[in-house]
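Nothing in this text is a laboratory measurement; each read-out follows from the coordinates by a stated rule. Given the structure is predicted, the values throughout are model-derived calculations rather than measurements. A quick note on method: Cβ atoms are made from the backbone with ideal geometry, for glycine too, and the neighbour counts reach across all protein chains shown.
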Amino acid sequence: MPIIVKDYTWSQTNSKIHIRVPLNPVSHEKVDLFPTDKYIKANFSPFLFEVFLLHDVDIKKSKCLVKEDLIILDLVKTEEIEWECLEKELTKADKMKIRQEMIEKCQAQAQQESEDRKIKKSQLDRFTVQQAMEIDSQQHNLMDSRRDAERKKAMDELEGWRVDHVENNNRICAPPPKETNGVQITELPPSEDETDDEENKKELVEEKKEFTVSAAPVNKPTPTTRKPAKTPVKSEYVEKKKQETAKRVLPKLRQTMSLEVKHTPRTFPTPSRESTADEEAAWLKNITLARRATGFVSEDLRPEEQDPQWCKIKGDEFFKNGNFLGAISAYTHGISLSDKLPSLYANRSATHFALGNFNKCLNDCSTALDLMKPPCESNRRSRAKCIARRAAALARLGYLNKAIDEMKAAGKLLPDDETIKKDIHDMERAWEQNPDSD
């Protein structure tokens, strides 16, 4: 049962209330403070300080300072009036009602803040992805423009070379006409047969010419003399090669087959040759770190870490070594894998109780008891432990009447347990000394 602190002091001004609560000999690291507009509670085991304020205060503008031996509360009044006393005169039912209202109000406010943070985080993530996609699009457009410019430049150079080559060929193939004694001589271009056969080109010295008379008529045309064409010289080596080529047996044609091409999987839509690998690796690393900051990542876990029973054993080891936060992480990961094991909730409730998280301890105990159905002899001891732990958490929260009922229920399941009998006796004595504790 907690000891109610009565030796506190308070003072006031027109706009503020100053409260001084002694802490000796408790360390300030163990102080659990719950301030609201109407109700203020400070729990530093085994002591408890709570006050139901006469008027409302602005808790957002108020200040709290925890020193080695003192708690200092500077509360800002909502109205600048002088208070006759610090605390209201309330009945036990009124106190219970105000406590419940403040708890529900704080829970609703915390839930709303959590939802706002989730919405803001989602908006930031969406903005980050949009910016990354925009940067990728800009880089892709820049690469396309540079590639098109280089292609156009190369095509212009090729077109210029082609035009110059055609003009040179025309000048070579069409020489200017010659005139001899009034006779115009026009040279004909070589025939297709002559162009195909390189040996005939070398052997033919003179080309066929056509004479057209364009001047005054002449009585006797000038005779034209032609040199006889040279006979081609045969080469034994060339004839031998031709025979070998004629006798050569060509290999069979290849059979048609289908070839499957698999591309390397990529996170980004751009090809690897057009991407900046360093920037992509940095972006992927930042995304992975952000995912790991919010919890476990499945690809980072070993196969045995995917077993909820293994998570329970690991959490038990952490609990025995005093690493309560590690134990809670192990139990929570096991629950995410399978939420049907009551032992995970029961052991996590014990860890929350050791850390002083009594509300979370109550929730886990209730969930574990819901999963231990139907009640039987094999889970009788486990149910008794969960009920006793829930009774202890209720006592720490100040609900002694409910805690006594819970502890008696645990005693019915384990009638020979001396620890439960002693706890029932201590709670009943505490209730007799201070019946208004809950």
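State which entries of Lys41/Lys105; Lys61/Lys92; Lys153/Lys262 exceed 25 angstrom in Cα-Cα distance in the structure shown. Checking Cα-Cα distances, Lys61/Lys92; Lys153/Lys262 exceed 25 Å. Calculate the spin-label point distance for Glu157 paired with His18, positioning each point 7 Å from the Cα along the beta-carbon direction, and give it in nanometres. Output for this residue pair reads 8.7 nm.
With R₀ fixed at 30 Å, the C-beta to C-beta distance from Glu167 to Asn141 puts the FRET efficiency at about 0.15. The spacing between the stretch 389-411 and the stretch 301-368, judged by their C-alpha centroids, is 22 Å. The stretch 108-142 and the stretch 42-71 have their alpha-carbon centroids 39 Å apart.
Summary value for the stretch 33-98: 26 percent relative contact order, contacts being C-alpha pairs under 8 angstrom separated by 6+ residues. By the beta-carbon count within 10 Å of each Cβ, the least crowded to most crowded order of His165, His333, His55, fewest first, is His165, His55, His333. With the largest listed first and rounded to whole Å, the semi-axes of the equivalent ellipsoid of the stretch 304-433 from the Cα gyration tensor are 27, 16, 12.
Take the Cβ atoms of Val261 and Asp339, set R0 to 60 Å, and the FRET efficiency comes out at 0.85. Between Lys120 and Ser378, the modelled labels are 5.0 nm apart [label points 7 Å from Cα along Cα→Cβ].
Quick check on my link table: of Lys60/Lys88; Lys118/Lys402; Lys360/Lys422; Lys88/Lys402; Lys30/Lys63, which ones sit more than 27 Å apart, alpha carbon to alpha carbon? From the list (Lys60/Lys88; Lys118/Lys402; Lys360/Lys422; Lys88/Lys402; Lys30/Lys63), the Cα-Cα distance tops 27 Å for Lys118/Lys402.
Report the net charge of residues surrounding His18, where surrounding means a beta-carbon distance below 13 angstrom and charges are Lys +1, Arg +1, Asp -1, Glu -1.
Once positives and negatives cancel, what remains is +3.
Placing dummy labels 7 Å off each Cα toward the beta-carbon, the span from Lys320 to Thr78 is 5.4 nm.
Summing +1 for each Lys or Arg and -1 for each Asp or Glu, what net charge is found among the other residues whose Cβ lies under 12 Å from the Cβ of Cys361?
Once all neighbours under 12 Å are counted, the net charge is +4.
Note on Val238 and Val66: the extension gain reaches 51.0 nm, defined as 0.36 nm multiplied by sequence separation minus the Cα-Cα distance.
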